[in-house]
């Protein structure tokens, strides 16, 4: 159920051990890692509030996170959040016309995403670069 964040199948390493570039214009401005998952505000976002798909994923991802070992992260397809890292939502029933709360998120603040492109509605607009 979880995703091994290593470069080789079967040898788990912590996400911070990967060689990831954090400069603007790269694919990984915000790393998909446990610390960011834990601080992510996406599951509380009004954009996802009426999405049956997102609500189901929120419930199942809480259980999955409890069962994963330290350093492992859920498969991004199964987690309804950290869209600033993983890109557009897999759920198709979100309402991007609702108020976005990205600006209140600690992940958004830490990575200074006000200057990213896009800088909000990552669930609809894609990952921050």
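The values are calculated or read from the model by the stated rules, or taken from the named source; none is laboratory data. Since the structure is predicted, the reported quantities are computational estimates derived from the model, not experimental observations. Reconstructed Cβ throughout: ideal geometry from the backbone, glycine too, with neighbour counts over all protein chains shown.
Odds and ends about this structure:
- Listed by first and then second residue, the pairs linking a residue in the range 87-109 that is on the phi > 0 side of the Ramachandran plot and in contact (Cβ under 8 Å) with a residue 40 or more places away in the chain to a residue that is surrounded by 12 or more Cβ atoms within 10 Å (Cβ to Cβ) and assigned to a loop (DSSP other than H, G, I, E, B), with Cβ atoms under 7 Å apart and 6 or more places separating them unless they lie on different chains, are 87/126; 87/127.
- Matching residues, the range 31-57, being part of a loop (DSSP other than H, G, I, E, B) and modelled with pLDDT of 95 or more: 40, 41, 45, 50, 51
- Which numbered condition residue 60 fails, given (1) modelled with pLDDT of 90 or more; (2) within 14 Å of the chain's Cα centre (by Cα): (2)
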